[in-house]
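Taking it in order: structure first as structure tokens, then the write-up.
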Amino acid sequence: MMLFFLLALAALAAIALLLWTIRAPRVWPLALVMVTVVAMPFRASAVALDTFLTAATPGLLELIGLVIAAIIAWGTKKAREKWGIEIEASQREALHWALHTGAQLALKHELTGKAAFDLMIAYAKRSVPDAIGGLKPSVEVLTDLAQAKFEQATTEKVKEVAGANADQLLDALKRTGITSAA
């Protein structure tokens with residue numbers, strides 16, 4: 001049983017050292033020394049090996065526990081970084097869409113200036129409170145975003161109206177026979 005434990009420990013140590021040398025090629029001499037130290041008990045007699053294992057087992061188990069705890073902490077940190085960024089991106093996108101919808105609502109009510117921005121910000125606060133709570137934008141940032149979204153919505157509305165009027169004019173010209181279809 002103890003021999004199996006020692007072999008498993010040596011195999012894990014060898015794998016860890018191999019991965020370490022792959023990530024940092026300049027440490028291979030140190031890794032070679034460490035492998036030699038780990039392999040030294042194999043050369044000892046069976047009695048000495050058993051004595052060594054009996055004495056080293058509590059310390060090795062603590063070391064293994066620390067390594068596992070470190071791996072879990074590292075994985076948790078990486079997961080938090082990855083998913084935290086994704087959550088922030090979805091909150092930012094939700095805030096932008098809410099402000100865009102608020103801008104369309106302000107245009108529908110024919111509001112301009114501060115009244116339009118106030119309506120847009122109020123709409124965003126009502127529709128995506130989690131995004132505003134998560135991002136915590138300042139009033140100035142919300143006002144700047146609202147202004148940009150209002151200008152974007154205004155431009156889209158002008159293009160839509162101009163396109164519709166141009167299409168109506170083209171249809172009227174086609175009916176009269178003045179122009180041919182392109």
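The values are calculated or read from the model by the stated rules, or taken from the named source; none is laboratory data. Please read all numbers here as calculations on a predicted model, not as lab measurements. We place every Cβ from the backbone using ideal geometry, glycine too, and count neighbours over all the protein chains shown. Please note that ligands, DNA and RNA were not included when accessible areas were found on the heavy atoms of the full protein model with its side chains. Shrake-Rupley method; radii C 1.70, N 1.55, O 1.52, S 1.80 Å.
Details
- Springs join every pair of Cα atoms under 10 Å in this Gaussian network model of the chain, and among Ala172, Ala56, Ala131 the largest mean-square fluctuation is at Ala172.
- Relative contact order of the chain, pairs being alpha-carbon contacts under 8 Å that are 6 or more residues apart, as %: 16 percent
- Total charge dipole magnitude, the chain, about the Cα centre, Cβ charges on Lys, Arg, Asp, Glu only, Debye to nearest 20: 240 debye
- For the chain, a Gaussian network of Cα nodes joined below 10 Å ranks Phe150, Phe117, Phe52 by mean-square fluctuation, and the top entry is Phe52.
- Nitroxide proxy distance, nm - points 7 Å out along Cα→Cβ at Lys136 and Glu93: 2.4 nm
- Lysines with Cα under 26 Å of Lys114, excluding same-chain neighbours fewer than 8 positions away: Lys125, Lys136, Lys149, Lys157, Lys159
- Rg over Rh, two decimals, the stretch 96-182 (C-alpha only, Kirkwood Rh): 1.25
- Scaled to the globular estimate 2.2 N^0.38 Å, the Cα spread of the stretch 54-105, given as radius of gyration, is 2.28.
- You can think of it this way: the chain between Asp167 and Glu151 has 3.4 nm of extra reach, that is 0.36 nm per residue less the Cα-Cα gap.
- Remark: the chain carries 73 Å² of accessible area per residue (probe radius 1.4 Å; ligands, DNA and RNA excluded).
- Correct option for Cα extents along the principal axes in Å [calculated from the coordinates] among (1) 58, 49, 28; (2) 108, 45, 31; (3) 120, 43, 24: (2)
- Given charges at Cβ of Lys, Arg, Asp, Glu: the chain dipole, positive-most of His96, Gly133, Gly75: Gly75
- With respect to the chain, whose longest principal axis is taken over its alpha-carbon atoms, helix 139-176 is tilted by about 50°.
- Once all protein chains are placed together, Arg92 keeps about 110 Å² accessible to a 1.4 angstrom probe.
- Put a plus charge on the Cβ of each Lys and Arg, a minus charge on the Cβ of each Asp and Glu, and nothing anywhere else: the dipole of the stretch 54-143 about its Cα centre is then about 60 debye.
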